[in-house]
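Values in this text are rule-based calculations from the coordinates and carry no lab data. Keep in mind it's a predicted model, so treat the numbers as computed, not measured. Here the Cβ is made from the backbone with ideal geometry for all residues, glycine too, and neighbour counts use every protein chain on show.
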Amino acid sequence: MLLEHIQSPADVKKLSLAEMNTLAEDIRTLLIEKLSRHGGHCGPNLGMVEATIALHYVFDSPRDKIVFDVSHQSYPHKMLTGRVAAFLSESHYDDVSGYSEPSESEHDFFVIGHTSTSVSLAGGLAKGRDLRGETGNVIAVIGDGSLSGGEALEGLDWAAELNSNFIIVVNDNQMSIAENHGGLYENLAELRRSHGCCENNLFRAMGLDYVYVDKGNDLSSLIEAFRKVKDTNHPVVVHINTLKGKGYAPAEEDKETWHWTMPFEISTGALKQKNIGEDYNSLTAAHLLQRMKDDKTVCAITAGTPGIWGWTPSRRQEAGKQFVDVGIAEEHAVALASGMAKAGGKPVFGVCSSFLQRAYDQVSQDLCINDNPATLLVLWGSLTSMTDVTHLCHFDIPLLSGIPNLVFLAPTNREEYLAMLDWSLAYDRHPVAIRVPVGEPRSATRPVPTDFSELNKSELVSRGKDVAILGLGNFFALGEQVSSALKDRGIEATLINPRFISGLDESLLDSLVSDHRLVVTLEDGALEGGYGEKVARHFGPTSVKTLCFGARKEFVDRYAPADFFAANHLTVPQIVEDILQSLGGF
């Protein structure tokens, strides 16, 4: 295999065009093999093979700096920059991350896992180069789907002012994760139809030079275009027309499903691990679809990620105009939801915990200051949902719980979640965020209310003494386990389901002071700034101690949840031991 002999971009430069085409075949073979066993981003990487080879053939990395947007299309880049061993041997698959990572290679410049960032980051590299009086090419690689993000448009708008070498490669495969949405995509289509010659040109309108490559998976066409712009003295866009999933028929035919994949059978594309059944994602979409049929003012909003909360193509089609995809634009989605709520609509914006960070200002300013009753569904908020450092879902509790007017709920089971969702659609006093549970849906074992208008009212599940356990949302089940373990040690603990993250049931907490020595909080997220600190602050003036359990403040990458829980004292034996020590060996 030719690829085994490529240790750096210098080796790529020695190849003939025929050999580079063979190299492209090798890369695709290894990509498909690794992904079939390990899972990962499939379609984006398969579509970028030739462009990556051409970039390294023409430019001189790392002196010439290549910045990949999102960087989930950087696997071929890793293969060509000394990391091919992580694709050749299954025992080394996890030696590299799924994103660009400076600690791995001098050819990577940023840890990048969120979208629409490369133009701004690369623009900063170019400006820094100019300030130091240095030379060299700076190349930003960005997918067409990422262009719908505000940061990408801000970066493009500024780029012309750089007035020096800056090359922006727009990888146009006509897809985001799902299909593209937004008016700028009609211009991209017009540019493709006219081979880049139409008068209406988004990039030229922003003051940028422009080169179009119709055959974006053809090495000779790409090399010619990149040679043309190398060492340019002004900002230029190279617009390449590529095929997402190229070289693997299932990925070419179903681009949305194959954006990211679990391990699969290469011959058929069938997943090796079958669907284990209903999850909260599909449960949410199916439930909202029924609400839409009953109420035409209900509208689901996604920011380019419909699949993460169950909105399959068929469900989107069934919902029709009651489903809105704004593209990779969480900021717009939140402000849009606020406006819809103001106009009498019932918007529900479903967003991954990690991605909601991009819209903090809109949640605070556009939504909560205006106190408009939109619903935010915070998806995958958990220490266990995603473990890549760029996608950690640890921080939404501290992020949201301190914003005035926002009612932030933490359901513990299927029925409680759906009751809270239905209530939020009817509630008209404040915006509501719901931290959607993770894992296999649990059924309620106790009656579930349908009205949560008495804000901050907790559920007292069982009354004991000495120790009270507040198990928030996903960690209520952990609270049950700890309570049971304490019972085996002769301690009948009080167990509470807080339900509300954004406030405390002060009367219930005050009632614990008379016969409890210790209050324990359990939250499935970052500890600092979280729910437990609110509780600890409440009991500060009293004789009641508090123990708060959650994750310490740090960025962690690709951890095993069991090891992570043990490191953060989140296992049942550790929690019980900490409780007993705090009680003085009860």
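Observations on the model:
- Spatial extent of segment 343-395: Rg and Dmax, with the Cα atoms as the point set, Å: 12.7, 39
- Listed pairs Lys321/Lys346; Lys14/Lys65; Lys14/Lys127 exceeding 24 Å between Cα atoms: Lys14/Lys127
- Histogrammed with a bin width of 10 Å, the alpha carbon distances of segment 147-274 distribute as 12, 36, 32, 15, 6, 0 percent, first bin at zero.
- Over all Cα atoms in segment 295-384, the spread is summed up by Rg and Dmax: 12.5, 38 Å.
- At 1.306 mPa s and 10 °C, Stokes diffusion of segment 198-243 via Kirkwood alpha-carbon radius, µm² per second: 141 µm²/s
- Its convex hull of Cα atoms gives segment 372-415 a direction-averaged projected area, equal to a quarter of the hull surface, of 4.1 nm².
- Cα-Cα pairs of segment 2-252 separated by more than 27 Å (percent): 29 percent
- Cα coordinate range in segment 1-61, projected on the principal axes (Å, largest first): 32, 21, 19
- Relative to the longest principal axis of the Cα atoms of the chain, the long axis of helix 219-229 makes an angle of roughly 90 degrees.
- Across segment 39-145, Cα pairs under 8 Å and at least six residues apart give a relative contact order of 33 percent.
- Of every Cα-Cα pair in segment 1-119, the percent that sits beyond 23 Å: 21 percent
- Along principal axes, Cα extents of the chain, largest first, whole Å: 80, 53, 52
- Neighbourhood net charge (13 Å Cβ-Cβ; Lys/Arg +1, Asp/Glu -1) for Gln273: +2
- Kirkwood Rh, angstrom, segment 294-339 [1 / mean 1/r, Cα pairs]: 11.0 Å
- Segment 344-409 versus segment 112-138: alpha-carbon centroid distance in Å: 30 Å
- Ascending count of other beta-carbon atoms within 10 Å, so fewest first, for Asp366, Asp422: Asp422, Asp366
- DSSP beta bridges fully contained in the chain are about 15 percent antiparallel.
- Normalised by residue number, the volume inside the convex hull of the Cα atoms of segment 116-199 is 100 Å³ per residue.
- Fewest neighbouring Cβ atoms within 10 Å first, the residues Thr450, Thr232 line up as Thr450, Thr232.
- The C-alpha atoms of the chain define a longest principal axis, and helix 280-294 lies at about 80 degrees to it.
- Stokes-Einstein D for segment 403-551, Kirkwood Rh over Cα pairs, 20 °C, 1.002 mPa s (µm²/s): 137 µm²/s
- Taking 0.36 nm per residue of sequence separation and removing the Cα-Cα distance, the Ser8/Ser89 pair yields an extension gain of 27.3 nm.
- The chain - percent relative contact order, Cα under 8 Å, separation 6 or more: 10 percent
- Shape summary: segment 56-115 maps onto an equivalent ellipsoid whose semi-axes, from the alpha-carbon gyration tensor, are 18, 14, 9 Å in decreasing order.
- Contour minus Cα-Cα distance for Gln581 and Asp428 (0.36 nm per residue): 50.5 nm
- Sorting the Cα pairs of segment 280-435 by distance into bins of 5 Å, from 0 upward, gives 2, 10, 21, 25, 23, 14, 5, 1, 0 percent per bin.
- Compared with the direct C-alpha span, the chain from Asp451 to Asp371 gains 26.8 nm at full extension, assuming 0.36 nm per residue.
- Mean separation of Cα contacts under 8 Å (6+ apart) over length of segment 339-417, as relative contact order %: 33 percent
- Each semi-axis of the equivalent ellipsoid for segment 80-157 is √(5λ) with λ an eigenvalue of the Cα gyration tensor; in descending order they amount to 27, 18, 9 Å.
- Listed by chain and number, the lysines whose C-alpha is less than 19 Å from the C-alpha of Lys487, apart from same-chain residues fewer than 8 away, are Lys465.
- Tilt relative to the chain, helix 118-131 - C-alpha long axis, 0 to 90 degrees, to 10: 60 degrees
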